[in-house]
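Below is one structure, written out as structure tokens, with a few remarks after it.
All of the numbers you see were taken from the coordinates with simple rules; none came from a lab. Quick caveat, the model's predicted, so the values are computed rather than measured. Counting neighbours? That spans all protein chains shown, and the Cβs are built from the backbone with ideal geometry, glycine included.
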Amino acid sequence: MFPILQLGPLALQLPGLFLLAGIWFATWLIDREAPRHRISGAALNSLVLYGLIAGIIGARLAYVSHYLSVYAEDPLSVFSLNPSTLASGEGILVGLTIVLILGQRRHLPLWRSLDALTPSLAAFAVFVGLAHLSSGDAFGASASVPWAVELWGARRHPTQVYEILLAILAFVGVWRLGRVRTFPGFLFLAWVALASASRLFLEAFRGDSVVAFDGLRGGQLVSLGVLALALTLMHIQARLARDGPGEQLEG
């Protein structure tokens, strides 16, 4: 893994660079895709900016709360730029909450806005996988397969590579589905289903999973619940679109 790129006297943290590149590409995609869903790209990008700021702050504060004794000894380390010191789950929850609140206040249509954001979310997931690959996070379990990699003192599944490949497949699937005439919310829910199914698969090979309930992996339980919820909401939205006015359909 290559967490640091040394350019002369300058040491660049590759995980952070990959995430910044993902944010740039995601905002570019929003400007490109939003008009197809009759949404303002500028309005969506402003929501993403506020959600991103709130998410990063929430992720850092949540991480600090988990290790209060460590940060009490060195309070300035709270401002570290190391992306591995972020609680991603809590950060995503905070960011999404802010986006939903601001979107409601600005009267943006929920499902069409989420559909417009979906290609960007799918693309950003690829860059998250690249960040994991460079940092060594989200590492795999010990394995003897021919393609195993040496990491943290053992031969392991290259789960970061699996993650990148699955994210690319999800992005390609979303891109193709986005050109099909569907009901509002379909694209977003389809991506959520693909992403949760991917995580369900990946957890079987991860070496850092939280294990609960007699060997069941917590990530798999959460992924299964999210997958079931996404499919249920997709069914509800499809029925509403079928029974409601024809203009609900999108192309």
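List of remarks:
- Some residue of the range 80-87 being in contact with a Pro (Cβ under 8 Å, 6 or more places away or on another chain), in contact (Cβ under 8 Å) with a residue 40 or more places away in the chain and assigned to a helix (DSSP H, G or I): yes
- Boolean, I101 is without any contact (Cβ under 8 Å) to a residue 12 or more places away in the chain, among the hydrophobic types (A, V, I, L, M, F, W, C), part of a helix (DSSP H, G or I) and out of contact with any Cys (no Cβ under 9 Å at 6 or more places or on another chain): yes
- For beta carbons closer than 8 Å, sequence separation of 6+ or different chains, a first residue in the range 104-122 that is assigned to a loop (DSSP other than H, G, I, E, B) and a second that is of a type in the set (G, A, S), the qualifying pairs are R106/A43; L108/A43.
- Of all residues in the range 179-218, those being surrounded by fewer than 17 Cβ atoms within 10 Å (Cβ to Cβ), aliphatic (A, V, I, L, M) and under 20 Å from the mean Cα position of the chain (by Cα) number 2.
- Pairs with Cβ under 6 Å, 6+ apart, first in the range 152-164 and free of Cβ contacts under 8 Å to residues at least 24 places away in the same chain, second crowded, with 19+ Cβ neighbours inside 10 Å and of a type outside the set (A, V, I, L, M): none
- Those residues of the range 131-143 which are surrounded by 21 or more Cβ atoms within 10 Å (Cβ to Cβ) and of a type in the set (A, V, I, L, M), in sequence order: A131, L133
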